[in-house]
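Where a number appears in this text, it was derived from the coordinates with a stated rule and is not lab data. It should be emphasised that the depicted structure is a prediction, and the values quoted were computed from it without experimental measurement.
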Amino acid sequence: MKKIMMIVAAAALATSVQAGIAVTNCNETVNPECPNVVFKVTASGKIVDGLSKEYKTVSKLKVSKAALVFFGTGSEDCCYDTYSLYLPVKVGKENYKVLISQEAIECWTIFGKKLAASQDSYAKNKKFKLDSQMGISYNGTPLNGDDPTEDLIDGDLTFIATAIGKATYKYTAESAKKSACSTGCEPASYDVVPGTYKGWFAGFYPASGDELCFTCTCNELDVFGGTWKAKYDASKSVKNGWKQAASYAFGSAAAAKMAAEDIE
């Protein structure tokens, strides 16, 4: 399967086929805009902290209500190439709102023992549970979730986050209606519904606070790392679902400011 094809909010798209493409006859299609794919994100770990106390220390890092949004494009099938991350982070007793907008997704795939069988099967409503991976990374200056026109930190943030999960694949062959298709036309839908992903993250950001350096040249970087979980949210995975995701993570006022500044 060259592209991940996905139906989200299945009840609302019950008449759609091929992941949101409504076939009106055998030769013409109507292609609505691809829905966003939204995950609720939580995370925990540790970070070298030179800001929250009068001395440099190691603090806990905690994320409780964050969102990861995948943005799709496609003339027929939806494929997903970019992501945004809306990330409220608590470091020690300090709170930050990290906004990363429209970065490239490194990988998002399904695979496993039953992959070939899932693609070759034409049985109605037959589902296959497949392994899945996702990977995102970033190197730049993140925005402030409270004010998306301002940088959050003075310098670049670098991280990589990877996760492993499951996805459900289903092929459905539908009976053709004479009013919609000519004889022999059989519209079909291929649904891939993500599950929950769990994984790891690590990264660097500009150092602050006093320290001794064992390397020949001090790079002036601090580190962080830990584990994270991304849970698929079907209710927010709709067209312009990023607005709901931003409101969930940052609040309605910040989400409205993002929309006004055209920052997704």
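Below is a table of values for the structure above.
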item: In Hz, Karplus ³J(HN,Hα) per residue of segment 245-259 (6.51, -1.76, 1.60; θ = phi - 60°; x = Gly, Pro); result: 5, 5, 5, 4, 8, 10, x, 5, 5, 5, 4, 5, 5, 4, 5
item: Relative contact order of segment 62-145, defined on C-alpha pairs under 8 angstrom at six or more residues apart (%); result: 26 percent
item: Fully extended contour minus Cα-Cα distance, from Ile153 to Ala117, at 0.36 nm per residue; result: 8.1 nm
item: HN-Hα J in Hz across segment 203-218 - Karplus 6.51, -1.76, 1.60, θ = phi - 60°, x for Gly and Pro; result: x, 10, 8, x, 6, 8, x, 6, 7, 9, 10, 8, 7, 5, 10, 6
item: Euclidean distance between Cα centres, segment 79-139 to segment 200-264, Å; result: 16 Å
item: Amide H partners (placed H, <5 Å) of Leu221, local residues excluded; result: Ala207
item: Extension gain (nm, one decimal) between Val223 and Thr57, 0.36 nm per residue minus Cα-Cα; result: 58.6 nm
item: Rounded to whole Hz, the Karplus (6.51, -1.76, 1.60) HN-Hα couplings of segment 91-104, x for glycine and proline; result: 10, x, 10, 9, 10, 9, 10, 8, 10, 10, 10, 6, 10, 6
item: Amide H partners (placed H, <5 Å) of Leu152, local residues excluded; result: Leu143, Asn144
